[in-house]
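The values are calculated or read from the model by the stated rules, or taken from the named source; none is laboratory data. None of these values were measured; they are calculated from a predicted model. Here the Cβ positions follow ideal geometry from the backbone for every residue, glycine too, while neighbour counts run over all protein chains shown.
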Amino acid sequence: MSAYIPLLHLHSTLRYAVLILLVIAIIRGLIGWLGRKPFTKADDKIGLILLAVTHTQLLLGLGLYFISPTVEVALANMGEAMKDPNLRFWAVEHLVGMLIAIVCITLGRILSKRATDPLFKHRKAAVWYSVAFGIIIYMIPWAERGFFAASGQ
Ligand code: HEM
């Protein structure tokens, strides 16, 4: 049995964990930044869990990329795939957009950890996680955008 469908479902479901953790981390960052609050152990823990879940999502996505029938069709003829919005989305846009978002989350974590002033710690987290959130929301194939993974065909 192919691992494709279970992996696709896992990857699809994990999006909610990524989004919920991002919202919590952004709200905590904003409250801490604007309210000039100390950077607590809980703030650090949320950042760590967010990073771990996001990187798990990256690994699942990379795995999917190599076994997805949709991506396979696209990669077989990239010239034609670029003219097809669905194939282009799966072969290029989703991958590149999500990689950029994951880099933003990683930077948010690293820069926040490196900063010594709690205000900067909160600000780095709030800003970088917000950028990532915007990109991820845009790059998720929500039903109304009309992009479909192979399981939905
Ligand atoms: C935070 C990061 C990410 C989120 C929230 C996310 C979300 C999603 C969602 C919601 C789907 C549709 C699942 C379905 O229709 O059942 C999907 C599919 C997919 N994603 Fe991601 N993704 C992320 C990162 C990535 C990355 C980094 C890659 C590649 C390296 C990737 C590759 C794929 C592939 C190949 C598919 C399936 C395409 C198909 O077979 O039709 N994803 N992703």
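One table, with the values for the structure above:
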{"read-out": "Hits in the stretch 89-104 - residues which are surrounded by 16 or more Cβ atoms within 10 Å (Cβ to Cβ) and within 8 Å of the ligand (Cβ to nearest atom)", "value": "Trp90, His94, Leu95, Met98, Ala101, Ile102"}
{"read-out": "Any hit, the stretch 56-68, residues being within 23 Å of Leu10 (Cα to Cα) and either outside any helix (DSSP H, G or I) or modelled with pLDDT under 95 (or both)", "value": "yes"}
{"read-out": "Residue check, Met82 surrounded by fewer than 16 Cβ atoms within 10 Å (Cβ to Cβ), of a type in the set (A, V, I, L, M) and modelled with pLDDT under 95", "value": "no"}
{"read-out": "Test: residue in the stretch 145-153 that is out of contact with any Cys (no Cβ under 9 Å at 6 or more places or on another chain) and more than 22 Å from Ala74 (Cβ to Cβ)", "value": "no"}
{"read-out": "Number of the condition not met by Leu7 [criteria: (1) assigned to a loop (DSSP other than H, G, I, E, B); (2) surrounded by 14 or more Cβ atoms within 10 Å (Cβ to Cβ)]", "value": "(1)"}
{"read-out": "Yes/no for Asp43 being touching a residue at least 24 places away in the same chain (Cβ under 8 Å) and acidic (Asp, Glu)", "value": "yes"}
{"read-out": "Subset of the stretch 10-38 [over 19 Å from Ala52 (Cβ atoms) and surrounded by 16 or more Cβ atoms within 10 Å (Cβ to Cβ)]", "value": "Leu30, Gly32, Trp33"}
{"read-out": "Some residue of the stretch 72-88 being within 11 Å of the ligand (Cβ to nearest atom), free of Cβ contacts under 8 Å to residues at least 24 places away in the same chain and out of contact with any helix residue (DSSP H, G or I) (no Cβ under 8 Å at 6 or more places or on another chain)", "value": "yes"}
{"read-out": "Sole residue being closer than 21 Å to Ala132 by Cα, in contact (Cβ under 8 Å) with a residue 24 or more places away in the chain, part of a helix (DSSP H, G or I) and of a type in the set (Val, Ile, Thr), chosen from Val96, Val18", "value": "Val18"}
{"read-out": "Residue under evaluation Thr116, criteria (1) assigned to a helix (DSSP H, G or I); (2) modelled with pLDDT of 95 or more; (3) not basic (Lys, Arg), criterion not met", "value": "(1)"}
{"read-out": "Every pair of residues 6+ apart whose Cβ atoms lie under 9 Å, when the first sits in the stretch 108-126 and is hydroxyl-bearing (Ser, Thr, Tyr) while the second is surrounded by fewer than 16 Cβ atoms within 10 Å (Cβ to Cβ) and part of a helix (DSSP H, G or I)", "value": "Ser112/Asp44; Ser112/Phe120"}
{"read-out": "Test for Arg28: is it on the phi > 0 side of the Ramachandran plot and touching a residue at least 40 places away in the same chain (Cβ under 8 Å)", "value": "no"}
{"read-out": "Residues being more than 6 Å from the ligand (Cβ to nearest atom) and surrounded by fewer than 13 Cβ atoms within 10 Å (Cβ to Cβ) - total across the stretch 56-68", "value": "2"}
